[in-house]
1. Regarding region 105-124, can at least one residue be identified that is at positive phi and not basic (Lys, Arg)?
2. Which one is surrounded by the most Cβ atoms within 10 Å (Cβ to Cβ) among residues in region 68-83 that are under 20 Å from ASN136 (Cα atoms) and touching a residue at least 40 places away in the same chain (Cβ under 8 Å)?
3. Residue by residue through region 54-68, note down the ones that are in a loop (DSSP other than H, G, I, E, B) and of a type outside the set (D, E, K, R).
4. Scan region 152-159 and give yes if some residue there is in a strand (DSSP E or B), of a type in the set (Phe, Trp, Tyr) and either out of contact with any Lys or Arg (no Cβ under 6 Å at 6 or more places or on another chain) or in contact (Cβ under 8 Å) with a residue 24 or more places away in the chain (or both), otherwise no.
5. Determine the pairs where a residue that is surrounded by fewer than 16 Cβ atoms within 10 Å (Cβ to Cβ), located within region 38-67, has a partner that is outside any helix (DSSP H, G or I) and polar (S, T, N, Q) with Cβ atoms under 9 Å apart, the partner being 6 or more residues away or on another chain.
6. Output the number of residues of region 138-147 satisfying the condition of being crowded, with 21+ Cβ neighbours inside 10 Å and either touching a helix residue (DSSP H, G or I) at 6+ places or on another chain (Cβ under 6 Å) or not in a strand (DSSP E or B) (or both).
7. Got a number for residues in region 9-53 being in a loop (DSSP other than H, G, I, E, B), more than 17 Å from the chain's Cα centre (by Cα) and aliphatic (A, V, I, L, M)?
Amino acid sequence: MAFSPARYRPLRRAEYDQLIALGAFQNEKIELLEGLLVPMSPIGPPHSSTVQKLDALLQLALAGRAAVRAQSPFAALDLSEPEPDIAVVPPGEYDTAHPDEAYLIIEVAESSLSVDRGVKLRLYAACGVPEYWIVNLVEGHIEVYREPSANTYGKIERYPRGTSVSPQRFPDVVVEVSALIR
């Protein structure tokens with residue numbers, strides 16, 4: 001019998017969460033993207049250092065105004081549960097469910113650039129995330145995506161070393177690109 005993708009059904013987020021609660025995938029670094037279990041890229045020192053810097057900066061700057069979650073699940077539509085490097089979400093308790101709304105999502109891209117610009121960009125736009133950043137360690141800039149619609153963003157800007165960028169919702173928070181990308 002020949003392989004036919006139409007014969008298979010995607011894994012739903014609720015099923016994925018149930019499997020995790022039962023102990024499945026314990027030693028696997030995966031995320032659910034469009035119904036598929038996708039291995040996560042290994043994290044090197046530049047990636048982890050950048051996430052740490054962003055987390056520290058945003059935690060301090062947004063205390064009391066938003067929750068900053070580092071490498072934690074985001075409930076995206078029915079078939080996806082990515083784990084963005086940083087998600088700035090509404091304040092609240094997330095003891096019983098992952099957030100399904102975000103003010104800003106940031107991915108740090110070293111070896112994951114094609115996924116971050118591809119499936120994750122489409123996914124965050126479809127979820128209505130108003131702002132999505134890719135800290136592009138490969139090309140040395142921050143890509144800022146705004147104005148989500150359907151599966152893409154209408155506005156794209158790049159901020160190179162020596163410039164700064166602020167989240168749309170929190171214009172008082174200034175992120176110096178050179179502090180993140182050496």
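1. Restricting attention to region 105-124, the residues satisfying the condition of being at positive phi are none.
No, region 105-124 has no match at all.
2. That would be PRO82.
3. Within region 54-68, the subset in a loop (DSSP other than H, G, I, E, B) is 63-66.
If the condition is that a residue be in a loop (DSSP other than H, G, I, E, B) and of a type outside the set (D, E, K, R), then ALA63, GLY64, ALA66 are the ones that fit.
4. Yes.
5. From residues that are surrounded by fewer than 16 Cβ atoms within 10 Å (Cβ to Cβ), the pairs are MET40/SER112; SER41/SER111; SER41/SER112; PRO42/SER111; GLY44/SER111.
6. Looking only at that region, the number is 1.
7. 3
Quick grid of which residues meet (1) of a type outside the set (Val, Ile, Thr); (2) at pLDDT 95 or above; (3) more than 25 Å from ARG12 (Cβ to Cβ):
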position	(1), (2), (3)
LEU36	yes, no, no
VAL51	no, yes, yes
ALA56	yes, yes, yes
ALA63	yes, yes, yes
ALA66	yes, yes, yes
ALA76	yes, no, no
GLU83	yes, yes, no
ILE86	no, yes, yes
GLU93	yes, no, no
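The values are calculated or read from the model by the stated rules, or taken from the named source; none is laboratory data. The shown structure was predicted, so the numbers you read here are calculated from the model rather than taken from an experiment. Positions of Cβ are generated from backbone atoms using ideal geometry, with glycine treated the same way; all protein chains shown enter the neighbour counts.
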